1. Against the definition (open to solvent by 30 Å² or more (accessible area, probe 1.4 Å), under 55 Å from the mean Cα position of the chain (by Cα) and not polar (S, T, N, Q)), how does L66 come out, yes or no?
2. Kindly provide the set of residues from the stretch 157-180 that are closer than 18 Å to T191 by Cα, surrounded by fewer than 21 Cβ atoms within 10 Å (Cβ to Cβ) and either free of Cβ contacts under 8 Å to residues at least 24 places away in the same chain or in contact with a Gly (Cβ under 8 Å, 6 or more places away or on another chain) (or both), ordered by number.
3. With respect to T120, is the statement that it is of a type in the set (S, T, Y), part of a helix (DSSP H, G or I) and more than 25 Å from Q101 (Cα to Cα) true?
4. Within the bounds of the stretch 364-375, is there any residue that is outside any helix (DSSP H, G or I) and at pLDDT below 95?
5. Can you name the helices (runs of 4 or more DSSP H) wholly within the stretch 188-246 that have at least 1 residues being more than 23 Å from the chain's Cα centre (by Cα), surrounded by fewer than 22 Cβ atoms within 10 Å (Cβ to Cβ) and touching a residue at least 24 places away in the same chain (Cβ under 8 Å)?
6. Which one is surrounded by the fewest Cβ atoms within 10 Å (Cβ to Cβ) among residues in the stretch 361-380 that are farther than 10 Å from Y348 by Cβ and not hydrophobic (A, V, I, L, M, F, W, C)?
7. For A317, state whether it is farther than 21 Å from G278 by Cβ and either assigned to a helix (DSSP H, G or I) or of a type outside the set (S, T, N, Q) (or both).
8. Under 8 Å between Cβ atoms, at least 6 apart or on separate chains: pull out the pairs that start in the stretch 349-361 with a residue that is closer than 13 Å to N337 by Cβ and end on any residue that is among the hydrophobic types (A, V, I, L, M, F, W, C) and open to solvent by 40 Å² or more (accessible area, probe 1.4 Å).
Amino acid sequence: MADGVREGSPLPDKTVLTEVVQEPVKIAGASDIDTSSDVPSIPAGPPKPKPKRAPELPIFERKNWLIHLHYVRKEFDTCKSLIKESMAESGGMCEYAVYVQALILRQEGRIQESLELFQTCTLLNPHSADNLKQVARSLFLLARHKAALDVYNEAIKLNERDWEIAHNQGVCNMYLREYDKAKHCLTQALTFKRHEITFLMLGKIYLMEGNINGAIDIYKQAVEYSPENPDMLTTLGLLYMQVTQFQKAFENLGNAMTYDPSHVKAIMAAGSMMQTHGDFDVALNKYRVAAVGTPESPPLWNNIGMAFFGKKKYVAAISCLKRANYLAPFDWKILYNLGLVHLTMQQYASAFHFLSAAINLRPKMSALFSLLAVALSYLEDPDNAKQAYEQAIGLDQKDPNIPLNFAIFLYNKGDKREASSQFREFESRVKAGQMSLDAETQEAATKLATALQVGDSLVWKTQPKPEPQPEAPSDSNANKLPPSYVKEPPVSQKDTGPPEVPPSPAPTPIIPPYDPYEDDRQSRASHHQEAETPTPHPAPNRVMGGLPPLAAMGGMGGKALPALSRTIRQSDIDKLPPPPSTELPPSYDEAIDEHEHPPPSKEKRQMEPAM
């Protein structure tokens, strides 16, 4: 039942419903309202016109939005087709289409073609600083830094506070080696707007000038601006390592690894610092983490190899260094380390091979020539070794170990005068540099000074070098010294004239059966012969080459020995034991002959019956 209808009441008839006519309801008092009062009426305005159609874009710019959309999506093929249509419609006068096409060509590596298109944009709109910046950028990529700098100077006239133009001016001046102008432009760019790349380039210029402290100040400002940048923190830590502030270096490297635990550069820097302090196991643990991210890194395998070298695991060190050399065959540091390890293992030919390759890459490194001279000394090539020492001394005027090694080499060759000259050079370098020498270098210098003052000395006479054993090499002092000081080769024999011709080999004798009493029999015969031959008494003045007479024994006061208080009697002699028998057993031949033909005994003859 519907609401409002009582249950059981009859429904109205359909005819009655149709007859009911509803009359409008009137509001009481509505007729009494005076519509002719003084209320002002609002005049009706003219009808509003319909909105006009949006103005059409010029034909040159009509497709710019679509070109931009496809460009930012890196849909370069579609973008090129749209640019081609736009250029055909505009007759090559669409600036934005030419601009985007130049950007696409630059990304494809066609720098010269993009430069020509950017120059076209400059002709279409000569008052645009963006077009000039792109022209300068293309010139910079073509290594035409002077021309790029001139274009940047024109662009900065159109926009004087553009940090990008000031930054690029500083970079161009840096490549032109005008460091003062470069620092001025980069500092000006930082006043306009601070960017990490500007801090990096400014710090790089200070490093190129050799001003490490200035670079540290710049990178400290960069870390203050971007405190969570692991690259900045790692670079600052490396700079602190160069100035031996290891505590600050460790703090910055630790912060870098806090923000990025897998930052390879920070991990390798921390491992290198630990390796420098002798913590080879901890350094290897760090390198193990870095190897997960960059398993094909040549510096990583070089550091791992030198860590094994520090632990005196030479075979493992060579394996890791060989892998690093395979990954970077033209890295002179890896070749230098390979030469040092082979020199330590007494593999002098291999050391010569790697050191020669390193010298071809870095012909101005004195340490390479010093190690090469040591290898040539062991390879018994004194002439080339001497030239290598001379080359090393000419390249480095401060290292005292090179003239010391050269002096030892010359002394071993017998040239004492030149060795003295090189030793004086060593002393002058030590005094001029005010440097402290390690214990082994001081010991070697002391021995050489003593040998040069006294004369021939046995302190440099060494035993012949043993055969190299790769698996268990002998302990060498090369790993305990700086790279410019390595233990010198053993003393070579002095030239005493032409070598003697060896005699022709004698025929092999037939060895008779061994007679154990032959030596005693020969000695007895020689004693018997000496007893028969009288020995001449030497002259008094020629005894032992004219040495003075023997001095009296201590405690006797220089007096003669006193006479014995008791005389020797015959009974004393009779009490002595008899002397040993001088008869010897029969020889081997006599014993064999006696065994085969025994002599007849007297007892046998007595027992034989009478015939």
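The values are calculated or read from the model by the stated rules, or taken from the named source; none is laboratory data. What you are looking at is a predicted structure, and each value in this text was computed from that prediction instead of being measured. Here the Cβ positions follow ideal geometry from the backbone for every residue, glycine too, while neighbour counts run over all protein chains shown. Each accessible area value is taken on the protein alone, full model and side chains, heavy atoms only, with ligands, DNA and RNA left out. Shrake-Rupley method; radii C 1.70, N 1.55, O 1.52, S 1.80 Å.
1. Details: open to solvent by 30 Å² or more (accessible area, probe 1.4 Å): yes; under 55 Å from the mean Cα position of the chain (by Cα): yes; not polar (S, T, N, Q): yes.
Answer is yes for this residue.
2. Selection gives K157, E160, D180.
3. Values: of a type in the set (S, T, Y): yes; part of a helix (DSSP H, G or I): yes; more than 25 Å from Q101 (Cα to Cα): no.
No.
4. First, pick out the residues of the stretch 364-375 that are outside any helix (DSSP H, G or I): 364-365.
Then drop every residue that is not at pLDDT below 95, which leaves 364-365.
Scanning the stretch 364-375 turns up at least one residue that is outside any helix (DSSP H, G or I) and at pLDDT below 95.
5. 196-208, 212-225
6. Of the residues in the stretch 361-380, the ones farther than 10 Å from Y348 by Cβ are 361-373.
Now restrict to residues that are not hydrophobic (A, V, I, L, M, F, W, C): 362-364, 366, 370.
Working: R362: 13, P363: 12, K364: 9, S366: 19, S370: 26.
Only one residue fits best here, namely K364.
7. Details: farther than 21 Å from G278 by Cβ: no; either assigned to a helix (DSSP H, G or I) or of a type outside the set (S, T, N, Q) (or both): yes.
Here the answer is no, as A317 does not meet what is asked.
8. Every condition considered, the pairs that remain are A358/W332; A358/M365.
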